[in-house]
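Contents: one structure, followed by commentary.
The values are calculated or read from the model by the stated rules, or taken from the named source; none is laboratory data. What you are looking at is a predicted structure, and each value in this text was computed from that prediction instead of being measured. Don't worry about glycine lacking a Cβ; one is built from the backbone with ideal geometry, like all the others, and counts go over all protein chains shown.
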Amino acid sequence: MAARGLAAWLRRIAPARARGTINVALVSDREIRRLNREFRGKNKTTDVLSFPSPGPRAPSLGDIAIAMGVARRQAREIGHSVQTELRVLALHGLLHLLGYDHERDDGRMQRVERKLRRKGGLREGLIDRTR
């Protein structure tokens with residue numbers, strides 16, 4: 001599935017308040033590590049990063065970067081398709097663009113993720129895996 005297809009899927013399941021465009025980049029593991037190091041100070045590979053637009057009135061919600069190598073490995077380990085894994089990661093990234101933070105919000109992001117993943121036909125979300 002191309003990044004364009006992911007963006008279209010996200011538009012279909014996104015909450016009504018998600019107004020604006022989203023750019024989705026499918027990148028190498030090396031590139032996601034560089035981005036993680038540069039923007040988060042973490043020198044390690046991760047699966048998805050979100051970069052919100054700077055202002056509330058911006059026509060774009062922001063950018064999502066997904067590591068293709070990580071997505072492929074995670075899909076294989078879990079036993080679903082790469083397309084499904086890309087959707088799981090894109091949804092997680094979208095929620096971060098909307099201001100959710102699962103590390104600090106007492107389960108709010110997880111509840112929204114569950115609702116939207118059901119709407120999008122996904123069995124599990126990224127937060128469910130890590131808890």
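Candidates are the residues of the stretch 3-52 that are among the small types (Gly, Ala, Ser) and either more than 15 Å from the chain's Cα centre (by Cα) or surrounded by fewer than 14 Cβ atoms within 10 Å (Cβ to Cβ) (or both); the one that is nearest to Leu122 (Cα to Cα) is Ala8.
Look at (1) over 20 Å from Pro15 (Cβ atoms); (2) among the small types (Gly, Ala, Ser); (3) without any contact (Cβ under 8 Å) to a residue 24 or more places away in the chain and you find that Gly107 fails only one, number (1). Only residues that are out of contact with any helix residue (DSSP H, G or I) (no Cβ under 6 Å at 6 or more places or on another chain) and either within 16 Å of Asp47 (Cβ to Cβ) or at pLDDT 90 or above (or both) were counted across the stretch 100-110, and they come to 1.
Counting only residues that are hydroxyl-bearing (Ser, Thr, Tyr) and either buried (at least 18 other Cβ atoms within 10 Å of the Cβ) or in a strand (DSSP E or B) (or both), the stretch 53-77 holds 1 of them. Of the residues His96, His92, only one is in contact (Cβ under 8 Å) with a residue 40 or more places away in the chain and crowded, with 22+ Cβ neighbours inside 10 Å; which? The unique qualifying residue is His92. In this structure, is Ala67 among the small types (Gly, Ala, Ser), closer than 19 Å to Ala8 by Cβ and in contact with a strand residue (DSSP E or B) (Cβ under 7 Å, 6 or more places away or on another chain)? For Ala67, the condition - among the small types (Gly, Ala, Ser), closer than 19 Å to Ala8 by Cβ and in contact with a strand residue (DSSP E or B) (Cβ under 7 Å, 6 or more places away or on another chain) - is not met.
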